[in-house]
Amino acid sequence: LQNDSWGKQYSHALFKAMSHMLCIGYGQQAPEGMTDVWLTMLSMIVGATCYAMFIGHATALIQSLDSSRRQYQEKYKQVEQYMSFHKLPGDTRQRIHEYYEHRYQGKMFDEENILGELSEPLKEEIINFNCRNLVANMPLFANADPNFVTAMLTKLRFEVFQPGDFIIREGTVGKKMYFIQHGVVSILTKGNKETKLSDGSYFGEICLLTRGRRTASVRADTYCRLYSLSVDNFNEVLEEYPMMRRAFETVAMDRLDRIGEEQPLGPAPAPR
C-alpha cells in the first residue's frame, strides 16, 4: 500500500479497524507479534463495548417512542399472571381481556396525575375537549350555562361496561348517575317493560334527587362508554346552579311516570 493513493490506504485501514472492533475478523491477516495481539484484543474489547452501548440506547429509544403501549403491556402481563394464579375460568379471562381492550385500547396513562399537575384553566380546557362529543350529543348541556357544563365535566369519571352488565340494579341505594357517551342501555322494570337509551342520554338521577333506592335496573346492551357522577359531586354542582336542579327533576318525574312509580321529588338535602 505504500505506493497506492491515499484513498486506498485509508480504505484498507478502515476495513481492518472495523474488522477488529466488530469482532468479525482480523483484517487481511492475523496479528503476528505480541504488540499486534494486544492491540487487536484491545480493539475488540472497545468495539464490543461500543456495540453493546449502541444496542442498549437503540432499545431504550424504541421503547420511549411508545411508552404508553409498553406500560399497557406490562400492566396486562400482571393481569394475566393474576388470572393464572387464581385459576379463573376461560370465559372470565376472555371478558377481562375484552374489557381491557375496550377500556384502554392498547394505551395506558395516569390521567389523574397528568391533569393534577396542570393549572385549572388548562385542566378545564382538556376536559372540555375530551368530552366534546358528550356535550354535543346531550340536550341537557346544549343550552346550559358553560360554567355549569365545565363544573359537571370536571366531576365526571370515565367507565366502561360490557354487553349484559347490570350498571344499576333495582332496589340498591343510588350513589351515582351516568351519562352515555357511546352505547345502548335498557331500563328494566318489574313489569318487564324496557326503555332504550343511547348516546347523549343520562340515567340514575332519580335516586340522587330523592336519596332513595333504585326504581329500575339498567343493563348494557352493547359496549358502553359512560361517565359517572357521584351523589356528593352531583349535589355540590347543583348547589351552585339551582336552576339546573329543575331540569333534572323534570326528567326524573317523566321517567317515574313512565315506569309507573308515583314518587314525589322534594328538594334534595345539602351535600355532605
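Taken together, Val231, Val237, Val251 contain a single residue that is under 27 Å from Gln162 (Cα atoms) and touching a helix residue (DSSP H, G or I) at 6+ places or on another chain (Cβ under 6 Å), which is Val231.
Does the range 241-254 include one or more residues that are among the hydroxyl-bearing types (Ser, Thr, Tyr), crowded, with 17+ Cβ neighbours inside 10 Å, modelled with pLDDT under 90 and out of contact with any strand residue (DSSP E or B) (no Cβ under 9 Å at 6 or more places or on another chain)?
We begin by selecting, within the range 241-254, every residue among the hydroxyl-bearing types (Ser, Thr, Tyr); these are 241, 250.
Going one step further and asking which of them are crowded, with 17+ Cβ neighbours inside 10 Å, we end up with none.
No, the range 241-254 contains no residue that is among the hydroxyl-bearing types (Ser, Thr, Tyr), crowded, with 17+ Cβ neighbours inside 10 Å, modelled with pLDDT under 90 and out of contact with any strand residue (DSSP E or B) (no Cβ under 9 Å at 6 or more places or on another chain).
Scanning the range 196-210 for residues that are open to solvent by 10 Å² or more (accessible area, probe 1.4 Å) and of a type in the set (A, V, I, L, M, F, W, C), we see that the one that is nearest to Glu236 (Cα to Cα) is Ile206.
Could you say which residue among Ala151, Ala142 is aliphatic (A, V, I, L, M) and closer than 15 Å to Gly200 by Cα? Walk me through how you get there before you give the answer.
Working: Ala151 fails: closer than 15 Å to Gly200 by Cα.
Every option except Ala142 fails the conditions.
In the range 56-73, the residue that is modelled with the lowest pLDDT out of those that are closer than 19 Å to Arg103 by Cα and either open to solvent by 60 Å² or more (accessible area, probe 1.4 Å) or in a helix (DSSP H, G or I) (or both) is Ser67. Number of residues in the range 148-176 that are in contact (Cβ under 8 Å) with a residue 40 or more places away in the chain and in a loop (DSSP other than H, G, I, E, B) equals 12.
When you check Tyr76 against the structure, is it assigned to a helix (DSSP H, G or I), farther than 30 Å from Phe248 by Cβ and in contact with a Gly (Cβ under 7 Å, 6 or more places away or on another chain), yes or no? Reasoning before the result, please.
Details: assigned to a helix (DSSP H, G or I): yes; farther than 30 Å from Phe248 by Cβ: yes; in contact with a Gly (Cβ under 7 Å, 6 or more places away or on another chain): no.
So Tyr76 does not fit the description; no.
Count of the range 144-174 residues, restricted to those that are of a type in the set (Lys, Arg) and surrounded by 15 or more Cβ atoms within 10 Å (Cβ to Cβ), is 1. Only one of the numbered conditions (1) part of a helix (DSSP H, G or I); (2) out of contact with any Gly (no Cβ under 9 Å at 6 or more places or on another chain); (3) open to solvent by 70 Å² or more (accessible area, probe 1.4 Å) is not met by Phe109, and that is (1).
Residues of the range 127-143 being under 20 Å from the mean Cα position of the chain (by Cα) and surrounded by fewer than 13 Cβ atoms within 10 Å (Cβ to Cβ), which ones?
Within the range 127-143, the subset under 20 Å from the mean Cα position of the chain (by Cα) is 127-135.
Answer for the range 127-143, where residues must be under 20 Å from the mean Cα position of the chain (by Cα) and surrounded by fewer than 13 Cβ atoms within 10 Å (Cβ to Cβ): Phe129, Arg132.
Which residues, counting only those in the range 176-195, are open to solvent by less than 20 Å² (accessible area, probe 1.4 Å) and not β-branched (Val, Ile, Thr)?
So the first thing to find is which residues in the range 176-195 are open to solvent by less than 20 Å² (accessible area, probe 1.4 Å), and the list is 177-180, 183, 185-186.
Met177, Tyr178, Phe179, Gly183, Ser186 - these are the residues of the range 176-195 that are open to solvent by less than 20 Å² (accessible area, probe 1.4 Å) and not β-branched (Val, Ile, Thr).
The values are calculated or read from the model by the stated rules, or taken from the named source; none is laboratory data. Note that this is a predicted model, so its numbers are computed, not measured. With ideal geometry, Cβ positions are generated from the backbone for all residues, glycine too; neighbour counts draw on all protein chains shown. Each accessible area value is taken on the protein alone, full model and side chains, heavy atoms only, with ligands, DNA and RNA left out. Shrake-Rupley method; radii C 1.70, N 1.55, O 1.52, S 1.80 Å.
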